Amino acid sequence: MKKLLFVFAFLITVVSFGQKERELKLNKDTNLIDVVYYHDNGVVSQTGSYTADGKLQGLWLSFDTEGQKTVSANYDNGKKVGKWIYWIDGTKKVVKYTDNVASL
């Protein structure tokens, strides 16, 4: 009985730590680090890219725990730029950023 309990506890531990929190991959074409973050349930939480010095770059997407898109954002060398789209309770809201400053 002890062995069975030990095996069960071991399997639970392996499954708990086996879930991905994020994936990193160097994109040789853009020289950026592409990343995918995951919610605890395994659904993608965010996707985007970092520069070599850790600044957010390009398009970033955020998703809720059910996989529905919640934010579409743009960065340039760590600064918020361009059109950002937020989906809040089924309503789409657009905000334009220039050099980290929002304008409606």
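The values are calculated or read from the model by the stated rules, or taken from the named source; none is laboratory data. If you're wondering where the values come from, they're calculated on a predicted model, not measured in any experiment. Here the Cβ positions follow ideal geometry from the backbone for every residue, glycine too, while neighbour counts run over all protein chains shown. Calculation scope for accessible area: heavy atoms of the full protein, side chains included, ligands and nucleic acids excluded. Shrake-Rupley method; radii C 1.70, N 1.55, O 1.52, S 1.80 Å.
Compared with the alpha-carbon gap, the fully stretched path from residue 71 to residue 39 is longer by 10.0 nm at 0.36 nm per residue. Of the GluC sites (Glu not before Pro) found in segment 19-81, those that fall in a DSSP loop while having at most 14 other beta-carbon atoms within 10 Å are 21, 66.
Solvent exposure of segment 34-104 amounts to 62 Å² per residue of accessible area, where only protein heavy atoms count and the probe is 1.4 Å. Ligands, DNA and RNA aside, residue 92 has an accessible area near 120 Å² when probed at 1.4 Å.
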